[in-house]
Each structure stands twice: as C-alpha cells, then as structure tokens.
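The values are calculated or read from the model by the stated rules, or taken from the named source; none is laboratory data. Model, not experiment: these values are computed from the prediction. Neighbour counts run over all protein chains shown; Cβ positions are idealised from the backbone, glycine included. Accessible surface is based on the protein model in full, side chains and every heavy atom, while ligands, DNA and RNA are left aside. Shrake-Rupley method; radii C 1.70, N 1.55, O 1.52, S 1.80 Å.
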Amino acid sequence: MAEAIDLCELVERFPDDQKCRNYLEHLRWRDGVRCPKCSGVRVSSILKRDQYNCDNESCGYQFSVLAGTIFHDTHLPLTKWFLAVYLLCQSRKGMSANQLARMLRINYRTAWYLCHRIRHAMAVEPPVEKLDGTVEMDETYVGGKKIGWGVYAGKKSKEVVIGIRQRGGELRFFHAQDAKTGTLAKYIKENISEDVDVLVTDDHPSYPWALKKIGSKQNHKTINHSKKQYVDGDIYTNTVESAFSLLKRGIMGTWHRVSAKHLAAYLDEMTWRFNNRKNPFLFRDTMLKLIHSDNLEYKELTKAA
C-alpha cells in the first residue's frame with residue numbers, strides 16, 4: 001500500500017475505527033506484535049476485543065495497539081484522530097481549534113485538547129544533530145501590545161522567538177526568555193556546529209558577544225538591517241525571516257491568540273510541518289510520532305504555568 005496519501009484517499013482507506021486500528025498495528029508492529037510491557041513476542045489474540053494477551057508467564061499483560069500511546073483511553077473515534085492529524089499536517093499556517101471543531105463535529109474543548117496532543121507528539125526529541133553549512137540565525141517578537149517608541153517599542157510585552165535555519169536544511173524555533181548574550185550563546189552552542197561554513201545574523205550587538213562567550217571560532221557574517229541593508233551577496237537572513245513570516249501569519253490569521261505558556265507547542269508544530277513540507281509521507285511519519293509519544297494529560301496541559 002502506497003504511503004503518500006491525500007484527503008480523499010484518507011477517507012476511503014479509513015472509513016471506520018477497525019481500519020484505523022489495522023493501520024496503527026502495521027506501523028507499530030511491522031515485525032509482529034510485541035507486548036508493550038515486557039517486549040515479549042509470545043502473544044495471542046483475544047477474539048472480538050481488538051486486544052492481545054502476553055503469554056509470557058511472568059507478564060500476562062492484556063493490551064491493544066493503543067496501549068502506551070497517545071491514543072490510550074481516548075473517547076474520540078480513531079477516524080476523527082486520523083482526520084485531525086491530516087488536517088494539521090496539510091495546513092501550512094496551522095488550523096485553529098474552532099475550525100477543527102466545526103469540521104469534525106466535536107466541541108471546542110475536545111478540539112483544543114486534540115490539537116495540543118498532536119503538537120506534543122510533533123516536538124523534536126533531544127539530542128538533535130547540529131546544523132552546519134550556511135546557517136542563519138535571527139530573533140523576532142510575537143504577541144502582546146506595542147508600547148513606547150523607537151526600535152525597542154513593544155518588546156517588553158512580547159515573547160521572544162529565536163529562529164535558526166540551515167540553508168537547504170532544517171528550521172528550528174525556540175521560545176526564549178530574552179535575546180541577551182547568554183541566551184543566544186546557549187542556542188548557538190546547542191544547535192550550530194563549530195565547523196559551520198558561515199553563521200549569518202543581523203547586526204544585533206549580542207551575537208558577537210555570544211560567540212565570544214562560548215569561545216566559538218565560527219565564521220560569523222552580519223547584515224546591517226539598521227542601515228536598511230538586507231542582501232550583500234550571499235550574506236542575508238531572508239531564509240529564516242521567511243519562516244518567521246509564515247509563523248506570524250499563522251498566529252495572526254489562524255490561531256489569532258497564542259499564550260506564552262503554549263507558544264513552544266505551536267513552534268513545535270510549525271517546525272515539524274515546515275521541515276517536512278516536501279515529505280510525501282508526512283501523514284505516516286506524524287502517525288509514527290503519535291504512536292511513540294507519551295500521553296499528554298488534560299490536567300497537565302491546563303495547570304498554572
């Protein structure tokens with residue numbers, strides 16, 4: 001069965017929960033069913049219950065393909081889970097919980113929780129491979145109301161997002177506390193290789209100090225935005241700024257309001273979708289992440305920051 005899929009094929013292939021379960025089993029247990037508790041392969045099927053029994057005498061665990069996954073104990077039909085995953089994967093600027101609620105005929109609270117569980121699974125797990133080649137790094141400010149005047153107007157009420165993008169490679173977004181020297185140094189050290197061909201930033205004065213702080217000898221080039229300079233040959237930050245533009249269109253045009261508490265989750269969603277924008281198997285790969293993701297409980301999601 002071909003893995004690349006469009007919406008019409010999704011509806012045709014997965015018309016009921018049984019077909020969805022069969023697909024999840026195919027993804028989770030390609031080499032045969034294994035007990036999620038002891039990893040044993042001696043299992044027997046429990047007829048008419050969509051469950052298995054571990055025949056290991058020291059285990060005896062009864063389980064289904066949903067056990068230990070983000071789908072565990074869900075009261076939402078798997079067909080709606082599949083549709084929600086597909087819609088979030090294919091919407092370049094994201095999809096609001098309100099719109100998802102209308103499309104799936106569920107209430108807003110269920111749609112909001114569903115979206116956040118999918119975002120939780122989309123998060124990239126550390127450690128991550130460091131970026132090399134030509135890498136652009138920049139910072140932007142989202143949310144809040146503009147206050148004051150001049151270059152720094154509004155920054156006290158906004159949230160900082162650090163963007164790092166390898167040309168022809170990955171994008172990474174981070175919700176940062178600030179854009180000071182120590183913070184920038186941390187993200188440079190954790191995400192950019194010492195052997196990078198060139199690190200391109202704007203003329204923010206903290207970047208040279210950040211590189212000095214970590215003792216980096218990376219080839220650093222700057223483009224002087226304060227003098228309205230945006231391109232100097234191969235020196236520019238337009239690549240990462242185009243990703244910022246997509247993020248801001250998502251916030252303003254789709255989500256409308258993103259709290260500081262959940263901003264990192266929206267960044268994870270945007271990053272996962274952006275880095276897989278040319279992946280014809282995005283739906284399959286996202287489903288794999290959901291299968292291997294731990295469950296995000298509602299009380300954890302809504303507790304005070």
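Per the conditions (1) exposed (fewer than 13 other Cβ atoms within 10 Å of the Cβ); (2) within 31 Å of the chain's Cα centre (by Cα); (3) farther than 28 Å from Cys8 by Cα; (4) of a type in the set (Lys, Arg), the sole criterion not satisfied by Arg34 is (1).
Scanning region 47-59 for residues that are at pLDDT 90 or above and under 20 Å from Tyr23 (Cα atoms), which turns out surrounded by the most Cβ atoms within 10 Å (Cβ to Cβ)?
Only one residue fits best here, namely Tyr52.
Determine, yes or no, whether Phe244 is open to solvent by less than 50 Å² (accessible area, probe 1.4 Å), closer than 30 Å to Glu25 by Cβ and assigned to a helix (DSSP H, G or I).
no
Confirm whether Asp234 is touching a residue at least 40 places away in the same chain (Cβ under 8 Å), open to solvent by 30 Å² or more (accessible area, probe 1.4 Å) and either among the aromatic types (Phe, Trp, Tyr) or under 30 Å from Arg92 (Cα atoms) (or both). Yes, satisfied.
Every condition in (1) in contact (Cβ under 8 Å) with a residue 40 or more places away in the chain; (2) open to solvent by 50 Å² or more (accessible area, probe 1.4 Å) holds for Met95 except the one numbered (2). Can you confirm whether region 109-125 contains a residue that is in contact with an Asp or Glu (Cβ under 9 Å, 6 or more places away or on another chain), in contact (Cβ under 8 Å) with a residue 40 or more places away in the chain, exposed (fewer than 15 other Cβ atoms within 10 Å of the Cβ) and closer than 24 Å to Ala264 by Cα? Looking for residues that are in contact with an Asp or Glu (Cβ under 9 Å, 6 or more places away or on another chain), in contact (Cβ under 8 Å) with a residue 40 or more places away in the chain, exposed (fewer than 15 other Cβ atoms within 10 Å of the Cβ) and closer than 24 Å to Ala264 by Cα, one finds at least one in region 109-125, hence yes.
Somewhere in region 122-131, is a residue within 19 Å of the chain's Cα centre (by Cα) and under 17 Å from His256 (Cα atoms)? Spell out how you get there, then give the answer.
Filtering region 122-131 down to residues within 19 Å of the chain's Cα centre (by Cα) leaves 122-131.
Now narrow it down to the ones that are under 17 Å from His256 (Cα atoms): none.
Looking through region 122-131, none of the residues is within 19 Å of the chain's Cα centre (by Cα) and under 17 Å from His256 (Cα atoms).
Only one entry in Ala111, Ala67, Ala84 is part of a loop (DSSP other than H, G, I, E, B) and at negative phi, namely Ala67.
In region 283-305, of all residues being assigned to a helix (DSSP H, G or I) and of a type in the set (A, V, I, L, M), the one that is most open to solvent (accessible area, probe 1.4 Å) corresponds to Leu288. Within region 86-108, can one find any residue that is touching a Lys or Arg at 6+ places or on another chain (Cβ under 9 Å) and of a type in the set (Phe, Trp, Tyr)? For region 86-108, residues touching a Lys or Arg at 6+ places or on another chain (Cβ under 9 Å) and of a type in the set (Phe, Trp, Tyr): absent.
State all residues of region 269-282 that are under 13 Å from Leu88 (Cα atoms) and either surrounded by fewer than 19 Cβ atoms within 10 Å (Cβ to Cβ) or touching a strand residue (DSSP E or B) at 6+ places or on another chain (Cβ under 7 Å) (or both); if no residue qualifies, say none.
Looking only at region 269-282, we keep the residues that are under 13 Å from Leu88 (Cα atoms), and these are 269-274, 276-277, 282.
The answer is Met270, Thr271, Phe274, Asn276, Arg277.
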